[in-house]
Amino acid sequence: MQYREQIIIEKPIQEVVKHFSNPDTYAEWMDGFVKMEPLSGEPGKAGSKTHFVFKMGKREMTMLETIIENNLPHSFKVTFEAKGVFNTVVSRFEAQSASATLYINDQDFRFSGFMKIIAWLMPGAFKKQSRKFLEDFKAFVERQP
């Protein structure tokens, strides 16, 4: 399953990217974020791996993030692996003006096992969650002085 979400953030590109690349703020805009633990490589650099934990309802979901490319302030490509899910995410940032940034988020999901059934029954849930992350990130960035 592939799709794109995008949103305009009313802040300059450098400020948007500063917040996007700051893991200390993830809990403020990533709903369900519990923690992250660097596993290998230099955090933020291509090849680095990080273990993420999210709370979704009453259960915890763990994911392994691998950074594929970090070309910020323009683009950032990662993969996330969880049980039955392999997701490639490309985030791109384009200055729309001196005070506005277009955040483009391309998702490519591959499913296996039980998650294949879930994805087939509820494809909108994945898009909805991606959209929520973008909207929450926009609100967080725009609140900053």
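Residues that are in contact (Cβ under 8 Å) with a residue 24 or more places away in the chain and either touching a Pro at 6+ places or on another chain (Cβ under 8 Å) or surrounded by 14 or more Cβ atoms within 10 Å (Cβ to Cβ) (or both) were ranked within segment 37-53; the one that is farthest from Asn87 (Cα to Cα) is Gly41.
Among the residues making up segment 107-145, those that are part of a helix (DSSP H, G or I), under 14 Å from His19 (Cβ atoms) and either without any contact (Cβ under 8 Å) to a residue 12 or more places away in the chain or not β-branched (Val, Ile, Thr) (or both) are Phe133, Leu134, Asp136, Phe137, Lys138, Ala139, Phe140, Glu142, Arg143. Of the strands (runs of 3 or more DSSP E) entirely within segment 1-103, those holding at least 1 residues that are farther than 19 Å from Lys132 by Cβ occupy 33-40, 49-56, 59-71, 75-82, 85-97. Screening Asn70, Asn22, Asn87 for residues that are exposed (fewer than 14 other Cβ atoms within 10 Å of the Cβ) and of a type outside the set (A, V, I, L, M) leaves exactly one candidate, Asn22.
Quick note: the coordinates plus some simple rules give every number you see, no bench work behind them. All values reported here derive from a predicted model rather than from experimental measurement. Positions of Cβ are generated from backbone atoms using ideal geometry, with glycine treated the same way; all protein chains shown enter the neighbour counts.
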